[in-house]
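A short write-up of the structure that comes next.
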Amino acid sequence: MPRYIVERTYPGGLHIPIADRGVDVCAEMVQVNGEAAVTWVHSYVTSDRSKSFCICDAPSPEAIRLSARNNHLPVDRITEVNVLDPYFYQGAE
């Protein structure tokens, strides 16, 4: 399955409650993503919470857009990526 970085901008900031409600919000997002065969791996969020960079596995950028729309999330850019792991090269001689 292809892997993507999904860049998002939140004009009012990203707000996910830290408590049981936050768990529910994330679980709902995961469920909606699953309907489009999108797996949310993890995200990086800027310190001011205005942007996030989400790592997702998905069959296509269109699946990510559909899942974002259904989750009421913005999408600025979707970039297909491959993993480059510096530890892969250790002992490769």
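Only the coordinates and a few stated rules stand behind these numbers; no lab work does. The structure displayed is predicted, hence computed values, not measured ones. Here the Cβ is made from the backbone with ideal geometry for all residues, glycine too, and neighbour counts use every protein chain on show.
I want to check the label-to-label distance for Asn82 and Asp57. Put each point 7 Å from Cα in the C-beta direction and report it in nm to one decimal.
Modelled inter-label distance: 1.8 nm.
Magnitude of the Cβ-charge dipole of the stretch 3-89, K/R +1 and D/E -1, about the Cα centre, nearest 20 debye? Intermediate results must be reported in sequence, preceding the final value.
Values: 8 positive and 11 negative charges, 45 e Å.
Charge dipole, the stretch 3-89, about its Cα centre: 220 debye, nearest 20.
Taking 7 Å along the Cα-to-C-beta vector as the label spot, tell me the Arg21-Val45 distance in nanometres, rounded to one decimal.
With each label placed 7 Å out from Cα toward Cβ, I get 1.4 nm.
What translational diffusion coefficient, in µm²/s and rounded to a whole number, does the Stokes-Einstein relation yield for the chain at 20 °C and a viscosity of 1.002 mPa s, taking the hydrodynamic radius as the Kirkwood radius over Cα pairs?
Details: Rh = 14.3 Å.
This corresponds to a translational diffusion coefficient of 150 µm²/s.
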